[in-house]
Amino acid sequence: MEEFDLKSLLSSNEKMLIHLLQAYARTNGIAIFILGNDDHLQTGIFGKLKKTNQLMQMDQVADLSKLSVNKYKYDLEYADAPLRIVLINQRIGKVCVAKDVQHIGIEHLQVMQQLQYQAAYLKFLIESVSKLIVKDRGVDDFVIKYSMNVDDAIDDLKENEGKALQQIKIMSTSNSSIISAIEYIDSNLDKRLTLDQVSSKVYLSDYYFSKLFKRETGLSFSVYLNARKIQKAMILLKESDKSINDISESLGFTRLSYFSQTFKKYTGYAPTKYRTDGNKQ
């Protein structure tokens, strides 16, 4: 498993990117900071904010993924833009810009629009400089390779498929990458999706995506995917005349036996029994 080392990139070439961000923040009277895919700060906050210390402390115990929702709590306006490394086609984090505000009104709206423009510009600047740095030094200089974590593997084995259907009903996340991944999964339940396919759609490495998905949803990718397929199968069994084999194929299962086995794991019923009992209700 591999992870792109954003901190290493930011501090490379005598901290070129950090100096650029510091200068831009100072010149434009804003604060700039970089978050990784886990929504934690990768460096300090460049520029000044009245609540800088509070934000730094908050990052130590949680993350800043909900900053856009809680921005008024910190008396600031905020915007961000995703950062990607084109050479490996991955999202590595996001650049965030913020500014202290006092009153909500026309001036406040102008600040918000200006920050959105600045976030887009900084995204272009960072990605352009990063492309040159990575091309010059080679992408291997910025990739951390991990061996399989035994504890993670055991956690996945312990995961209870029988509770997954209840879990997805109350699941919520504000992480834009996971929201996009869930939308893609839900629109492609008829396909045989893999972790690699979905992670590439949201420009994350499979390692990052797997960890982030579990953290945000409480379920591993494979359990969520199967839970959504079984949830749809339950509806089709109750509300359509399709054969169980047709339902299995329409949800990307290659073997009817595997569909039946998976259905029973998640619901406690065989598909035929579920259809019969469901139609009696």
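What follows draws every value from the coordinates through simple rules; no lab data is involved. Being a predicted model, the structure only gives us computed values, none of them experimental. Because the Cβ atoms are built from the backbone with ideal geometry, glycine has one as well, and the counts that use them run over all protein chains shown.
Extension gain for I144 to L195 (0.36 nm times residue separation, less C-alpha to C-alpha distance): 16.4 nm.
Can you pull the semi-axes for segment 86-130, root of five times each eigenvalue of the Cα gyration tensor, sorted largest first, whole Å? Mind showing how you got there, number by number?
Working: eigenvalues 163, 17, 11 Å².
For segment 86-130, the ellipsoid semi-axes come out as 29, 9, 8 Å.
Available extension along the chain between K50 and K273 is 74.1 nm, counting 0.36 nm per residue and deducting the alpha carbon span.
Kirkwood hydrodynamic radius (Cα pairs, Å) of segment 196-248?
Over segment 196-248, the inverse of the mean reciprocal pair distance is 12.7 Å.
Between I92 and L83, R84, I85, the built amide H atoms are under 5 Å apart, and every one of these is 5 or more places off in sequence or on another chain. Using θ = phi - 60° in the Karplus curve 6.51 cos²θ - 1.76 cosθ + 1.60, the 3J(HN,Hα) couplings for segment 239-253 round to 10, 10, 9, 4, 5, 4, 5, 5, 5, 4, 5, 5, 10, x, 7 Hz; x is entered for Gly and Pro. Residues whose amide H lies under 5 Å from that of V101, counting only those 5 or more places away or on a different chain, are L76, E77; hydrogens are built 1.01 Å from N in the peptide plane.
For Rg/Rh (Cα atoms, Kirkwood Rh), which listed value, (i) 1.06; (ii) 0.98; (iii) 1.04, comes from the coordinates shown? Of the labelled values, this structure produces (i).
Please go through the residue pairs K123/K232; K48/K135; K15/K214; K66/K201; K51/K201; K50/K135 and name each one whose alpha carbons sit more than 29 Å apart in this structure. Please list the in-between numbers first.
Numbers: K123/K232 39 Å; K48/K135 33 Å; K15/K214 33 Å; K66/K201 23 Å; K51/K201 35 Å; K50/K135 38 Å.
Over 29 Å apart, Cα to Cα: K123/K232; K48/K135; K15/K214; K51/K201; K50/K135.
Among the trypsin sites (Lys or Arg not before Pro) within segment 202-272, those in coil by DSSP and having at most 14 neighbouring Cβ atoms inside 10 Å are K242, R255.
What the Kirkwood sum gives for segment 2-142 is a hydrodynamic radius of 15.5 Å, with every pair of different alpha carbons counted. In this structure, the amide hydrogen of D5, modeled 1.01 Å from its nitrogen in the peptide plane, lies closer than 5 angstrom to those of V143, I144, counting only residues at least 5 positions away or on a different chain. Note that segment 196-205 has calculated 3J(HN,Hα) couplings of 4, 4, 6, 4, 5, 5, 10, 6, 10, 5 Hz, one per residue in order, obtained from phi through the Karplus relation 6.51 cos²θ - 1.76 cosθ + 1.60 (θ = phi - 60°); glycine and proline are x. Couplings 3J(HN,Hα) of segment 79-87, computed from phi: 8, 8, 8, x, 10, 10, 9, 5, 4 Hz, in residue order, whole Hz [Karplus 6.51 cos²θ - 1.76 cosθ + 1.60, θ = phi - 60°; x for Gly and Pro].
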